[in-house]
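*Asks:* Mind looking over this structure? Questions follow.
The values are calculated or read from the model by the stated rules, or taken from the named source; none is laboratory data. Because the structure is predicted, anything quoted here is derived from the model rather than measured. Virtual Cβ from ideal backbone geometry, glycine too; neighbours counted across all protein chains shown. These area figures cover heavy atoms from the full protein model, side chains too; ligands, DNA and RNA do not enter into them. Shrake-Rupley method; radii C 1.70, N 1.55, O 1.52, S 1.80 Å.
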Amino acid sequence: MKRSTLRSQAWGMHRVLALVACLLGAQALVAHQADTGAGAAPPAPASEAATPWGGDYFPNTLLTDQDGRQVRFFDDLIKGKVVVINFIFTSCSDSCPLETARLRQVQKLLGDRVGQDIFFYSISIDPLSDTPAVLKAYSQRFKVGPGWQFLTGEFEDVTNLRKKLGLFIEGVDNGRNKDHNLSLIVGNQSTGRWMKASPFENPWILADQLANTLHNWKEPSAEQSYAEAPRIRPPSNGEELFRTRCASCHSLGPLDGQGIGMRSIGPDLIGVTRQRDAAWLNRWIREPDRMLAEKDPIAVQLFEQYERIPMPNLRLDEASAQSVIDFLRDETERQHPSAQPLADGAVTPAGTGPASEAVSRMQ
């Protein structure tokens, strides 16, 4: 009896050890398959895993550019590219011209990289009016360079595209009028990095985002000494308004970009407060569209002289307009304190030919 019990216990232990060996063997086999990839699903391609913002997110909207060429939004315009995209309509009399002028500054700062590794797209929200021919004429008035396409398409398709890009606000972009969200978007489709930007953004900051940040700093930085950095003074309210609203089109003398094409859409404004009546100037800043509609002779002359680009109505009140005028007056005095009025009412800053020429352009 005792011997039989011992034999049973030994047999039971043998079965336990055999079971443990089987379990360990199975675990070893699973580990081996994991190491070698045998029996496992192949990993997803790197291109699919890189970003969620691919062709399955962006619509491949059919658009037509200013030259009449048809393109697909994802396949032809943004796939694998660093881009800036905004939505405009050419009959806009307020923010669209300012936004286009600002992006033109950014394009000039980026130089020949636009069209090579950075691409600009302005898409119309008014396709019935903005035909390819109208868009081409608009781009020519602003003297835009290569690498910047103006596009149109079906209204519903463009609206859906704006929603996908986060540039549609219900209650503003509702189709009942031509008001629209003023944000633009910049991004790198291949990395999935996208950012909204303001049309009033500093052009150097926007250019840096496109040229460096979104390219992961592939271009080496130019070494500069902080000793050469200009002294920064706090801006007045008038200067802040000028820099964010007016400086897309207007310069203030040679030290502010006069003559280098950065701000050549409108006249240089040094001396304008000595050239124009104060009340006229205040109203012109606030209501340029109304003055043009009323056929004000100076307004009509400026419109014809500067490529028929209307001065935008930026919805400034009288106090804000006056603060801009005060800044223009102070800046004129700072640059040309010895200016003497002539008999014909023009201004000739002493010893400064370019400034005199600037004033004559504003007559």
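*Asks:* Open to solvent by 90 Å² or more (accessible area, probe 1.4 Å) and either modelled with pLDDT of 50 or more or closer than 30 Å to residue 308 by Cβ (or both): which single residue out of 69, 3, 15 fits that description?
*Replies:* Matching residue, one of 69, 3, 15: 69.
*Asks:* Taking residue 309 as the residue in question, decide whether it is touching a Cys at 6+ places or on another chain (Cβ under 9 Å) and either open to solvent by less than 40 Å² (accessible area, probe 1.4 Å) or hydroxyl-bearing (Ser, Thr, Tyr) (or both).
*Replies:* Judged against the criteria, residue 309 is a match.
*Asks:* Here are the criteria: (1) open to solvent by 30 Å² or more (accessible area, probe 1.4 Å); (2) at pLDDT below 90; (3) in a loop (DSSP other than H, G, I, E, B). Tell me which single one residue 255 does not satisfy.
*Replies:* Condition (3) is where residue 255 drops out.
*Asks:* Residue by residue through region 208-244, note down the ones that are at pLDDT 90 or above, within 30 Å of residue 317 (Cα to Cα) and either surrounded by fewer than 11 Cβ atoms within 10 Å (Cβ to Cβ) or among the polar types (S, T, N, Q) (or both).
*Replies:* Listed by number, the residues that qualify are 236, 237.
*Asks:* Based on what the data block shows, is residue 322 touching a residue at least 40 places away in the same chain (Cβ under 8 Å) and more than 19 Å from residue 90 (Cα to Cα)?
*Replies:* In short, yes.
*Asks:* Where residues in region 81-96 are in a loop (DSSP other than H, G, I, E, B) and under 18 Å from the mean Cα position of the chain (by Cα), which of them is farthest from residue 58 (Cα to Cα)? Lay out the reasoning, then the answer.
*Replies:* Going through region 81-96, the residues in a loop (DSSP other than H, G, I, E, B) turn out to be 81, 89-94.
In the following step, the residues that additionally are under 18 Å from the mean Cα position of the chain (by Cα) were identified as 81, 89-90, 92, 94.
On the way: 81: 14, 89: 22, 90: 25, 92: 27, 94: 30 Å.
For region 81-96, the residue satisfying everything is 94.
*Asks:* Still on this structure: Kindly indicate whether any position in region 317-327 is touching an Asp or Glu at 6+ places or on another chain (Cβ under 6 Å) and in a helix (DSSP H, G or I).
*Replies:* Going through region 317-327, the residues touching an Asp or Glu at 6+ places or on another chain (Cβ under 6 Å) turn out to be 327.
With the extra rule that they be in a helix (DSSP H, G or I), the set shrinks to 327.
Checking region 317-327: at least one residue is touching an Asp or Glu at 6+ places or on another chain (Cβ under 6 Å) and in a helix (DSSP H, G or I).
*Asks:* Which of the residues belonging to region 97-111 are in contact (Cβ under 8 Å) with a residue 12 or more places away in the chain and either open to solvent by less than 10 Å² (accessible area, probe 1.4 Å) or out of contact with any Gly (no Cβ under 7 Å at 6 or more places or on another chain) (or both)? First the steps, then the outcome.
*Replies:* Quick first cut of region 97-111, residues in contact (Cβ under 8 Å) with a residue 12 or more places away in the chain only: 97-110.
Result: 97, 98, 99, 100, 101, 102, 103, 104, 105, 106, 109, 110.
*Asks:* Let me ask something else. Quick one: which of 130, 117, 76 is under 17 Å from the mean Cα position of the chain (by Cα), of a type in the set (Asp, Glu) and at pLDDT 90 or above?
*Replies:* The conditions single out 117.
*Asks:* Under 6 Å between Cβ atoms, which residue pairs at least 6 apart in sequence (or on different chains) link something in region 118-146 that is in contact (Cβ under 8 Å) with a residue 40 or more places away in the chain and under 24 Å from residue 82 (Cβ atoms) with a partner that is outside any helix (DSSP H, G or I) and charged (D, E, K, R)?
*Replies:* Close Cβ pairs (under 6 Å, with a partner that is outside any helix (DSSP H, G or I) and charged (D, E, K, R)) amount to 119/81.
*Asks:* Then there's this: Of (1) modelled with pLDDT of 95 or more; (2) within 30 Å of residue 309 (Cα to Cα), residue 94 satisfies all except one. Which?
*Replies:* Failed condition: (1).
*Asks:* Name every residue in region 139-158 that is in a helix (DSSP H, G or I) and open to solvent by 20 Å² or more (accessible area, probe 1.4 Å), in order of residue number. Quick ask: steps written out before the conclusion?
*Replies:* Keep residues of region 139-158 that are in a helix (DSSP H, G or I), which gives 139-141, 155-158.
140, 141, 155, 156, 157, listed by residue number.
*Asks:* Also, quick follow-up: Filter region 115-170 down to residues that are of a type in the set (A, V, I, L, M, F, W, C) and in contact with an Asp or Glu (Cβ under 7 Å, 6 or more places away or on another chain) and give me whichever is farthest from residue 62 (Cα to Cα).
*Replies:* Top of the filtered list is 150.
*Asks:* When only residues in region 166-194 that are open to solvent by less than 50 Å² (accessible area, probe 1.4 Å) and at pLDDT 90 or above count, which is nearest to residue 89 (Cα to Cα)?
*Replies:* 185
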